[in-house]
């Protein structure tokens with residue numbers, strides 16, 4: 001069956017991205033407008049924090065602060081003081097790069113990637129910030145480091161470098177956090193947009209956002225077959241994650257970037273945060289558990 005998503009926050013973000021459900025609220029970002037959002041569905045309130053750099057990802061840390069991937073490195077953000085503390089900036093020699101999508105594995109290690117602001121080919125990398133606070137480059141080169149997910153049995157990591165049009169499967173060592181390429185899991189048909197952000201459900205099936213495709217699709221990563229899809233009334237679908245008290249609500253971010261006036265007239269909620277109730281359930285987003 002195909003699902004239909006509905007808008008819950010009509011934010012009109014230029015580049016909405018990076019949804020993270022912490023069990024109570026949904027964090028998400030508008031990369032280009034340099035905004036961090038915290039949406040409380042119980043109160044139906046979307047709180048906004050203005051930053052001064054592009055923000056690609058937001059992940060809670062165990063100390064109550066947030067880890068944010070900005071244009072100039074990985075930082076801690078204090079919600080009370082609005083202060084930023086630098087953790088690491090591995091690409092200070094690449095001023096045209098910024099951090100993009102990031103998530104933590106079940107052990108609490110952070111995986112976060114970079115890209116050139118103009119998406120120049122092969123300028124980005126995927127990094128891992130371990131529990132001791134050490135940063136290591138683990139996949140390089142990539143062009144637009146994007147979706148991440150880990151299989152429920154922790155044997156595999158799934159990863160998207162958007163221009164490849166594919167979801168890759170990596171062998172994943174849960175003890176060390178190291179990965180080695182295994183195979184292509186899914187090839188996204190070109191006429192359905194480009195793969196962007198991603199999440200995984202409790203059955204181990206992946207959900208992929210289609211930038212330029214007005215949808216999120218559900219796939220079996222073991223045989224590459226599509227299982228379902230969510231129709232989204234916005235062309236540029238950027239990412240998704242499960243949330244809600246029963247983890248059966250799929251939150252979906254979208255973008256207005258690159259859309260014409262005609263596009264926006266036909267899809268006025270582009271850039272909004274959408275939601276759909278699903279038969280499947282996902283996982284609570286993992287916090288960063290490392291030393292900071």
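None of the figures in this text is laboratory data; all of them are computed from the coordinates on show. All of these numbers come straight from a predicted model, not from anything done at the bench. Cβ sites come from the backbone with ideal geometry, for glycine too, and all protein chains shown count toward neighbours.
The relative contact order of region 86-137, computed from alpha carbon pairs under 8 Å that lie at least 6 residues apart in sequence, is 27 percent.
Quote the FRET efficiency, to the nearest 0.05, computed for residue 202 versus residue 120 with a Förster distance R0 of 22 Å and r equal to the Cβ-Cβ distance. With R0 = 22 Å, the Cβ-Cβ based efficiency is 0.05.
What order do you get for 205, 198 when you list them from fewest to most C-beta neighbours inside 10 Å?
In order of increasing Cβ crowding within 10 Å: 205, 198.
Where both residues lie in region 2-277, what percent of DSSP beta bridges are antiparallel, nearest 5?
Numbers: 93 of 96 bridges.
So the antiparallel bridges amount to about 95 percent of the total.
By its C-alpha gyration tensor, with a ≥ b ≥ c as the square roots of the eigenvalues, how is region 177-292 shaped: rounded for a/c under 1.5, else prolate for a/b larger than b/c, else oblate? It is prolate, given that a/c is not under 1.5 and a/b is the larger ratio.
Backbone N atoms of region 212-236 closer than 14 Å to the 7 Å Cα→Cβ label point of residue 257 belong to residues 212, 236. Shape analysis of region 49-119 places it in the oblate category; the axes a ≥ b ≥ c from the Cα gyration tensor give an a/c of at least 1.5, with a/b not above b/c. On the basis of the beta-carbon distance and an R0 of 41 Å, residue 82 and residue 225 show a calculated FRET efficiency of 0.35. In percent, rounded to a whole number, the relative contact order of the chain is 20, using alpha-carbon pairs under 8 Å and six or more apart. Put in line by how crowded their Cβ is, counting other Cβ atoms within 10 Å and starting with the fewest, 37, 231 read 231, 37.
Shape analysis of the chain based on the Cα gyration tensor places the equivalent ellipsoid semi-axes at 25, 22, 19 Å, largest first.
Ordered by the number of other Cβ atoms lying within 10 Å of each residue's own Cβ, fewest first, 110, 131, 51 fall into the sequence 131, 51, 110.
Could you state the number of Å between the C-alpha centres of region 28-91 and region 221-292? Centre-to-centre (Cα) distance: 19 Å.
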